[in-house]
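The values are calculated or read from the model by the stated rules, or taken from the named source; none is laboratory data. In this text the structure is predicted, and so the values were computed from the model without any measurement. Backbone-built Cβ (ideal geometry, glycine too); neighbour counts: all protein chains shown.
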Amino acid sequence: MSEALPHWLDDVEVRFVHPYQAVKAYLCPHCNRNIPSGTGHVVVVPREAPDLRRHWHKGCWQLTDRQKSARSRTAGG
Ligand SMILES: [Zn+2]
């Protein structure tokens, strides 16, 4: 499986979902595992395409976030 991220991940709004707000189960696009209802997680909303919003495990999102900051650190001084 490729590590490449869709380009829209560069401009997204991330919303935290508290356990009491998670009334449905979702599928995490990063690990393809279930996010059970009642689990705190994040919703990632592309600003360009809000319809493509996806629910991620908090840990999975932090992994990609680390990749992004590593990339920008390389670009910076
Ligand atoms: Zn996940």
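Annotations for the structure displayed:
- Filtering the stretch 35-51 to residues that are outside any loop (DSSP other than H, G, I, E, B) and within 14 Å of the chain's Cα centre (by Cα) leaves ILE35, HIS41, VAL42, VAL43, VAL44, VAL45, PRO46, PRO50.
- Among the residues examined, HIS18 does not qualify as surrounded by 12 or more Cβ atoms within 10 Å (Cβ to Cβ) and either touching a residue at least 12 places away in the same chain (Cβ under 8 Å) or of a type in the set (Gly, Ala, Ser) (or both).
- Residue pairs whose Cβ atoms lie under 9 Å apart, sitting 6 or more positions apart in sequence or on different chains, and linking a residue in the stretch 26-50 that is farther than 21 Å from ASP10 by Cβ to a partner that is away from the ligand (no atom under 15 Å from the Cβ) and of a type in the set (A, V, I, L, M), are SER37/VAL23; GLY38/VAL23.
- The residues of the stretch 19-49 that are under 17 Å from TRP61 (Cα atoms) and among the aromatic types (Phe, Trp, Tyr) amount to a single one, TYR26.
- Residues satisfying the stated conditions in the stretch 1-46, i.e. modelled with pLDDT of 95 or more and of a type in the set (A, V, I, L, M): VAL17, ALA22, VAL23, ALA25, LEU27, ILE35, VAL42, VAL43
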